[in-house]
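For reference, the structure is listed below as structure tokens.
The values are calculated or read from the model by the stated rules, or taken from the named source; none is laboratory data. Model, not experiment: these values are computed from the prediction. Every residue, glycine as well, gets a Cβ built from its backbone with ideal geometry; the counts of neighbours run over all protein chains shown.
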Amino acid sequence: METEPLQITYREDLQPEDIHAIRDIVESTGFFSEDEIDIAIELARERLEKGPSSGYLFLFADFAGRVAGYACYGQIGCTRASYDLYWIAVHQDMRGKGLGGKILRRCEDLIRRLGGTRIYLETSSRPQYEPTRQFYLKSGYTIETVLEDFYAPGDGKVIFLKVL
């Protein structure tokens, strides 16, 4: 049986109502602490308040009238062509459909158009994040370094890199 492709629309404009969608998406994953969720919201609020000068750029994937996933990225200060991918998340009920990969590839294209040549991202070394790490590796990222016990004892920071 063949499944129909998702009818996703993408947009880069952040609207005030997206704050609630971001919280819903990030909470739905079950991966993030309340402090981490607050940081995701803080980046969106800063973009709404400061506009482009915030340095935070967003990509939203809308499906069936709601935000199904998003990414937040931006140029790393004092660099010419390096970007951070701060957040990429897909609502739990949309996972496993290839949406995360589509958002990631679209983000990479946007960064490339902005003159970016290197994308950095980070995640936890905890076993819970193994699928996340495998997703990045399958998407062409390499592990640049691991900072042991960064977040907490036994919870290191894994930093990935993709050269565009």
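Being among the acidic types (Asp, Glu), at pLDDT 95 or above and either assigned to a helix (DSSP H, G or I) or in contact with a Cys (Cβ under 7 Å, 6 or more places away or on another chain) (or both) narrows it down to one residue among Glu144, Glu130; which is it?
Glu130
If the requirement is being within 15 Å of the chain's Cα centre (by Cα), in contact (Cβ under 8 Å) with a residue 24 or more places away in the chain and within 19 Å of Tyr141 (Cα to Cα), which of these qualifies: Gly74, Gly101, Gly69? Step through it out loud before you land on a result.
Values: Gly74 fails: in contact (Cβ under 8 Å) with a residue 24 or more places away in the chain; Gly69 fails: within 19 Å of Tyr141 (Cα to Cα).
Step by step, each of Gly74, Gly101, Gly69 is checked, and only Gly101 is within 15 Å of the chain's Cα centre (by Cα), in contact (Cβ under 8 Å) with a residue 24 or more places away in the chain and within 19 Å of Tyr141 (Cα to Cα).
Rundown of residues vs (1) out of contact with any Leu (no Cβ under 6 Å at 6 or more places or on another chain); (2) surrounded by fewer than 17 Cβ atoms within 10 Å (Cβ to Cβ), yes/no style:
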{"site": "Met94", "(1), (2)": "yes, no"}
{"site": "Gly100", "(1), (2)": "yes, no"}
{"site": "Leu104", "(1), (2)": "yes, no"}
{"site": "Arg113", "(1), (2)": "yes, yes"}
{"site": "Leu121", "(1), (2)": "no, no"}
{"site": "Ser125", "(1), (2)": "yes, no"}
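Let me spell it out: the conditions are (1) touching a helix residue (DSSP H, G or I) at 6+ places or on another chain (Cβ under 9 Å); (2) among the small types (Gly, Ala, Ser); (3) outside any helix (DSSP H, G or I), and Gly96 meets all of them except one. Which number is the exception?
Only one criterion is unmet by Gly96, namely (1).
Could you tell me whether Asp62 is surrounded by 14 or more Cβ atoms within 10 Å (Cβ to Cβ) and in the same structural domain as Asp109 (by TED's automatic domain parsing)?
So Asp62 fits the description; yes.
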